[in-house]
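Asker: Have a look at this one before I ask anything.
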Amino acid sequence: MSVGMAAPRASYACDPDRSRGRQFVEPPSRTRSPFRRDCDRVIHSTAFRRLKHKTQVFVFHEGDHYRTRLTHSLEVAQIARALARQLGLDEDLTEALALAHDLGHPPFGHAGERALDACLRAHGGFDHNAQTLRVVTSLEHRYPNFDGLNLTWESLEGIVKHNGPLVDAAGAALGHHRDAGIPVGIAEFDAAYDLTLSSFASLEAQVAAIADDIAYDAHDIDDGLRAGLFAVDELKVMPLTADMIADIDRRFGGLDRDRRGAELVRELISCLIGAVVSEARRRLEAAQPKSADDVRHCGRQLIAFSPDIADAEKDIKAFLKQHMYRHERVMRVMREAEQIVIDLFLRYQQKPSDLPPEWRDGATPEGEAARARRIGNFIAGMTDRFALTEHQRLFDSTPELR
């Protein structure tokens with residue numbers, strides 16, 4: 001099949017007409033499938049709009065052309081839809097999951113997450129995936145009959161399990177949850193509305209997850225080049241990008257720096273998408289799933305890079321970790337951002353009256369854990385800009401984060 005052609009809907013795709021439904025029963029839409037409706041609800045949510053001013057790597061005011069959580073989410077959605085189209089999956093569900101995957105991220109990227117996790121350590125910690133689930137199930141207040149967005153079971157499953165099962169058949173936590181256990185927000189919701197945490201997620205969710213990796217690799221290279229943290233030729237230390245750069249130089253000799261970098265990013269995205277499609281087709285041929293439930297119980301991830309591309313992709317992440325995420329310029333700003341989040345959390349704990357009126361009282365019985373989680377929810381919803389404004393309001397000195 002040509003790379004540009006869409007595959008017919010596959011039997012193993014999620015079928016919107018066979019959705020397991022919503023936690024709160026609603027009449028169906030006359031014009032939209034349940035998954036299209038989920039996607040539209042994500043786009044119209046307050047949390048999605050806030051992503052415009054949430055850090056990806058660079059704080060929003062460092063430059064207009066760097067990625068934010070919003071532009072990152074749009075790029076993930078574009079890549080995810082391209083993959084879903086080739087594999088015959090439901091594009092609406094795939095897009096909904098791609099657009100929703102970062103709704104729970106706090107201000108200042110991973111620095112903000114580390115800070116909130118430390119502040120909430122005595123009360124279950126902070127996990128951005130669990131926070132995304134909170135956003136779409138309780139923290140959005142847009143509808144008259146329920147809190148949250150009341151997404152379909154398939155969307156909630158995909159948000160929680162896009163990286164694989166969280167527990168084994170006996171209920172023991174897996175992977176990076178093995179030590180700390182399942183994040184409290186996921187565990188509490190699953191107890192009320194079973195998401196079968198021991199099974200894999202749909203192919204649509206798996207596609208959204210790997211599209212996130214592809215987007216990260218490509219746009220962080222693009223932003224790193226733009227910021228001058230490294231040059232195109234420094235990427236020649238990795239065989240995959242070295243070959244691409246050599247081919248670009250052969251075909252377009254004398255390109256200026258910006259166009260040379262942009263062409264590399266395009267080539268990288270195309271290469272990784274093609275590699276995922278090829279490997280997914282190979283695994284699907286071997287597994288022979290006949291339904292979305294077959295996918296959930298096949299015992300392995302079906303959307304993945306081939307072993308050689310997986311190694312190359314790890315090399316890219318290692319390069320970015322060394323040359324970008326741990327660059328002193330980035331680290332210095334993130335250390336200051338982390339302290340801003342800690343300062344705000346401690347201040348609200350000590351002086352709850354500094355919180356907005358709607359955040360001072362919770363609907364759940366009061367207690368230290370409930371108060372701490374409510375403060376965490378408030379801070380997690382902040383944009384970078386609002387967190388800085390709040391810090392300036394409450395403290396005599398606030399870092400400029402530059």
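The values are calculated or read from the model by the stated rules, or taken from the named source; none is laboratory data. What you are looking at is a predicted structure, and each value in this text was computed from that prediction instead of being measured. Here Cβ is always computed from backbone atoms with ideal geometry, including for glycine, and neighbour counts include all displayed protein chains. To get the accessible areas, we keep the full protein, side chains included, count just its heavy atoms, and leave off ligands, DNA and RNA. Shrake-Rupley method; radii C 1.70, N 1.55, O 1.52, S 1.80 Å.
Asker: Kindly sort V136, V25 by accessible area of their heavy atoms, largest first, with the probe set to 1.4 Å.
Answerer: Order by accessible area, largest first: V25, V136.
Asker: Between G299, G21, G171, find the one with the highest GNM mean-square fluctuation for the chain; connect C-alpha pairs within less than 10 Å.
Answerer: Residue with maximal mean-square fluctuation among G299, G21, G171: G171.
Asker: Could you state how much accessible area F24 has, in square angstrom rounded to the nearest 10, with a 1.4 Å probe and all protein chains kept in place?
Answerer: My reading of the accessible area for F24 is about 90 Å².
Asker: I'm a student and want to see the number: the projected area of the Cα convex hull of the stretch 336-402, averaged over all directions, in nm².
Answerer: 4.5
Asker: Let me ask you something else. Comparing E279, E338, E358, which has the greatest mean-square fluctuation in the GNM of the chain with Cα pairs linked when under 10 Å apart?
Answerer: Its mean-square fluctuation being the largest, the pick is E358.
Asker: Add +1 for every Lys or Arg and -1 for every Asp or Glu among the other residues with Cβ under 11 Å from the Cβ of L70, and state the total.
Answerer: +4
Asker: Summarise the accessible area of the chain (1.4 Å probe, protein heavy atoms) by the percent that is carbon and sulfur.
Answerer: 51
Asker: Straight-line reach from K314: which lysines have a Cα under 30 Å away, not including same-chain ones fewer than 8 places off?
Answerer: K52, K54, K161, K236
Asker: Report the per residue volume, in Å³, of the convex hull enclosing the C-alpha atoms of the stretch 280-402.
Answerer: 190
Asker: Suppose every K and R has +1 on its Cβ and every D and E has -1 on its Cβ; what is the size of the dipole of the chain about the Cα centre, in Debye to the nearest 20?
Answerer: Here the chain has a charge dipole of around 460 debye.
Asker: Summarise the long-distance tail of P(r) for the stretch 251-307 by giving the % of C-alpha pairs beyond 18 Å.
Answerer: Cα-Cα pairs of the stretch 251-307 separated by over 18 Å account for 51 percent.
Asker: Out of every Cα-Cα pair in the stretch 12-96, what percent are more than 14 Å apart?
Answerer: When every Cα pair of the stretch 12-96 is considered, 70 percent fall beyond 14 Å.
Asker: Right, here's the next one. Which distance in nm do the two modelled labels at E328 and A169 give, with both placed 7 Å along the Cα-to-Cβ direction?
Answerer: Reported label-point gap for E328 and A169 is 5.5 nm.
Asker: Further question on the same structure: Which percent of Cα pairs goes in each bin when the distances of the stretch 1-145 are cut into 10 angstrom slices starting at zero?
Answerer: Once binned at 10 Å, the Cα pair distances of the stretch 1-145 give 11, 33, 32, 20, 4, 0.
Asker: Pop out the Kirkwood hydrodynamic radius of the chain from its pairwise C-alpha distances, inverse of mean 1/r, in Å to one decimal.
Answerer: 22.3
Asker: Then there's this: Give the Rg/Rh ratio for the stretch 289-346, taking Rg as the radius of gyration of the Cα atoms and Rh as the Kirkwood radius, to two decimals.
Answerer: Result: Rg/Rh = 1.29.
Asker: For the stretch 86-231, what is one quarter of the convex hull surface built on the Cα atoms, given in nm²?
Answerer: Over all viewing directions, the stretch 86-231 projects a mean Cα-hull area of 11.1 nm².
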